[in-house]
Amino acid sequence: MEMSEVTAKLIEAKNRKRATYQDLAEAVGRNKTWVAAVIQGQASMDEKEADALINYLEVPYEEIKHELVAVPYKGSLSEDVPTDPLIYRFHEITQVYGTTLKEIIHEEFGDGIMSAIDFKMDVEREEDPKGDRVVVTLNGKFLPYTKW
């Protein structure tokens, strides 16, 4: 079974159960954003985590477990500019503020990168009288470039 099919089955089961990603995170014992990344095929679970998710969602076990524990092929978007408005905004953020982030990170840490491997991400709601706000936290280890 292809990961796209696994994603569709898991989302269908999540919707059928009326579960949130927070519910899934509690069942698995991980962060909601990480669990969503697994379901989208961008991270992998260990056997225990996969069992917990499968049992919670009551989905056919062997059909999907292999894909949940396999090392994924990362990168869910084509190289074209995304057309989904929400994903496009993140593309826009990096287009407009990417060089700014690069300058600040290099000034604060030196020549290097923010890891996307030793990395955590979270999405929260911040209530605001003018309209609720989306708070996205990207937390990656700094990796300096080595000299040789």
- Single match in GLU126, GLU103, GLU108 (criterion: charged (D, E, K, R), within 26 Å of TYR21 (Cβ to Cβ) and over 13 Å from the mean Cα position of the chain (by Cα)): GLU126
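Going by the conditions given, is ILE117 free of Cβ contacts under 8 Å to residues at least 40 places away in the same chain, β-branched (Val, Ile, Thr), surrounded by fewer than 12 Cβ atoms within 10 Å (Cβ to Cβ) and closer than 28 Å to TYR21 by Cα?
For ILE117, the condition - free of Cβ contacts under 8 Å to residues at least 40 places away in the same chain, β-branched (Val, Ile, Thr), surrounded by fewer than 12 Cβ atoms within 10 Å (Cβ to Cβ) and closer than 28 Å to TYR21 by Cα - is met.
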- Query: Does at least one position in the stretch 28-42 carry a residue that is modelled with pLDDT of 95 or more, assigned to a helix (DSSP H, G or I), surrounded by 17 or more Cβ atoms within 10 Å (Cβ to Cβ) and touching a Leu at 6+ places or on another chain (Cβ under 7 Å)?
  - Reply: yes
- Query: Are there any pairs, at least 6 apart or on different chains, whose C-beta atoms fall under 9 Å, with the first in the stretch 130-148 and of a type outside the set (Ser, Thr, Tyr) and the second at pLDDT below 95 and exposed (fewer than 11 other Cβ atoms within 10 Å of the Cβ), and if so, which?
  - Reply: GLY140/ILE117; LYS141/ILE117; PHE142/GLU108; PHE142/GLY110; LEU143/ILE117; PRO144/GLY110; PRO144/ASP111
- Note on the structure: Scanning the stretch 70-95 residue by residue, those among the polar types (S, T, N, Q), surrounded by 10 or more Cβ atoms within 10 Å (Cβ to Cβ) and not assigned by TED's automatic domain parsing to the domain that holds LEU138 turn out to be SER76
- Could we say that GLY98 is out of contact with any Pro (no Cβ under 6 Å at 6 or more places or on another chain) and either not assigned by TED's automatic domain parsing to the domain that holds ILE11 or not in a helix (DSSP H, G or I) (or both) here? yes
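Being among the aromatic types (Phe, Trp, Tyr), surrounded by fewer than 13 Cβ atoms within 10 Å (Cβ to Cβ) and not in a loop (DSSP other than H, G, I, E, B) is the requirement here; does TYR56 meet it?
No; evaluated as a whole, the condition is false for this residue.
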- Task: Taking GLY131 as the residue in question, decide whether it is out of contact with any helix residue (DSSP H, G or I) (no Cβ under 9 Å at 6 or more places or on another chain) and either in a helix (DSSP H, G or I) or at positive phi (or both).
- Result: yes
- Can you tell me which of GLU67, GLU49, GLU103, GLU108 is surrounded by fewer than 13 Cβ atoms within 10 Å (Cβ to Cβ), at pLDDT 85 or above and in a helix (DSSP H, G or I)? GLU108
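Being of a type in the set (Val, Ile, Thr) and touching a residue at least 24 places away in the same chain (Cβ under 8 Å) is the filter; apply it to the stretch 94-114 and report the residue that is nearest to LYS147 (Cα to Cα).
Here the residue is ILE113.
Condition (residue is out of contact with any His (no Cβ under 8 Å at 6 or more places or on another chain), more than 20 Å from GLU124 (Cα to Cα) and in contact (Cβ under 8 Å) with a residue 12 or more places away in the chain) applied to the stretch 32-41: is it met by at least one residue?
There is at least one residue in the stretch 32-41 that is out of contact with any His (no Cβ under 8 Å at 6 or more places or on another chain), more than 20 Å from GLU124 (Cα to Cα) and in contact (Cβ under 8 Å) with a residue 12 or more places away in the chain.
The values are calculated or read from the model by the stated rules, or taken from the named source; none is laboratory data. As the structure is a prediction and not an experimental result, all values here were calculated from the model. Virtual Cβ from ideal backbone geometry, glycine too; neighbours counted across all protein chains shown.
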